[in-house]
1. Quick one: would you say Thr27 is modelled with pLDDT under 85, open to solvent by less than 100 Å² (accessible area, probe 1.4 Å), within 30 Å of the chain's Cα centre (by Cα) and among the polar types (S, T, N, Q)?
2. Quick test of your reading of the structure: Pro16 fulfils all but one of (1) modelled with pLDDT under 85; (2) assigned to a helix (DSSP H, G or I). Name the failing condition by number.
Amino acid sequence: MAIHHLTPPIRGGERPRLPSAQRGPVTIALAAMHAADPDRQRIRDLRRRIADRIEADIALLEALDGGGRA
(Lines give C-alpha, C1' and ligand atoms only; values in the text may rest on other atoms or scores of the structure.)
Protein backbone atom coordinates (compact mmCIF):
# COMPACT_ATOMS: atom_id res chain seq x y z
CA MET A 1 0.00 0.00 0.00
CA ALA A 2 1.40 3.39 -1.00
CA ILE A 3 1.60 6.26 1.45
CA HIS A 4 0.43 9.59 0.07
CA HIS A 5 1.99 12.77 1.43
CA LEU A 6 0.54 16.23 0.85
CA THR A 7 3.99 17.75 0.46
CA PRO A 8 7.06 16.36 -1.21
CA PRO A 9 10.07 15.51 0.95
CA ILE A 10 12.61 18.30 1.47
CA ARG A 11 15.66 17.83 -0.75
CA GLY A 12 18.73 19.97 -1.25
CA GLY A 13 17.55 23.18 0.38
CA GLU A 14 13.95 23.08 -0.83
CA ARG A 15 11.48 24.70 1.49
CA PRO A 16 8.37 22.79 2.50
CA ARG A 17 5.24 23.62 0.54
CA LEU A 18 1.66 23.22 1.63
CA PRO A 19 -0.97 23.13 -1.13
CA SER A 20 -3.21 25.62 0.68
CA ALA A 21 -0.38 28.10 1.24
CA GLN A 22 0.41 28.61 -2.44
CA ARG A 23 -1.09 31.62 -4.18
CA GLY A 24 -0.12 32.29 -7.74
CA PRO A 25 0.02 35.65 -9.51
CA VAL A 26 -3.41 35.19 -11.10
CA THR A 27 -5.06 34.46 -7.74
CA ILE A 28 -3.38 37.49 -6.19
CA ALA A 29 -4.42 39.71 -9.13
CA LEU A 30 -8.04 38.53 -8.95
CA ALA A 31 -8.15 39.20 -5.20
CA ALA A 32 -6.82 42.72 -5.78
CA MET A 33 -9.38 43.37 -8.52
CA HIS A 34 -12.25 42.21 -6.31
CA ALA A 35 -11.05 44.37 -3.44
CA ALA A 36 -10.77 47.44 -5.69
CA ASP A 37 -14.17 46.97 -7.36
CA PRO A 38 -16.33 49.96 -6.36
CA ASP A 39 -19.56 48.27 -7.50
CA ARG A 40 -19.05 45.17 -5.37
CA GLN A 41 -20.53 46.69 -2.19
CA ARG A 42 -23.34 48.36 -4.14
CA ILE A 43 -24.33 45.04 -5.73
CA ARG A 44 -24.17 43.29 -2.33
CA ASP A 45 -26.46 45.95 -0.83
CA LEU A 46 -28.86 45.70 -3.76
CA ARG A 47 -29.08 41.91 -3.37
CA ARG A 48 -29.77 42.31 0.34
CA ARG A 49 -32.57 44.84 -0.32
CA ILE A 50 -34.13 42.56 -2.97
CA ALA A 51 -34.05 39.57 -0.59
CA ASP A 52 -35.61 41.66 2.19
CA ARG A 53 -38.35 42.82 -0.18
CA ILE A 54 -39.09 39.25 -1.29
CA GLU A 55 -39.36 38.11 2.34
CA ALA A 56 -41.71 41.02 3.11
CA ASP A 57 -43.87 40.20 0.09
CA ILE A 58 -44.07 36.52 1.09
CA ALA A 59 -45.08 37.50 4.62
CA LEU A 60 -47.77 39.80 3.20
CA LEU A 61 -49.12 37.05 0.93
CA GLU A 62 -49.23 34.62 3.86
CA ALA A 63 -51.10 37.17 5.97
CA LEU A 64 -53.60 37.79 3.17
CA ASP A 65 -54.04 34.04 2.70
CA GLY A 66 -55.11 33.58 6.30
CA GLY A 67 -51.87 32.80 8.04
CA GLY A 68 -50.32 30.30 5.65
CA ARG A 69 -52.97 27.58 5.56
CA ALA A 70 -52.47 25.04 2.77
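1. In short, no.
2. Checking Pro16 against (1) modelled with pLDDT under 85; (2) assigned to a helix (DSSP H, G or I), the one that fails is (2).
The values are calculated or read from the model by the stated rules, or taken from the named source; none is laboratory data. As the structure is a computational prediction, the values presented were derived from the model and not from experiment. We work out accessible area using only protein heavy atoms, side chains counted, and drop any ligands, DNA or RNA first. Shrake-Rupley method; radii C 1.70, N 1.55, O 1.52, S 1.80 Å.
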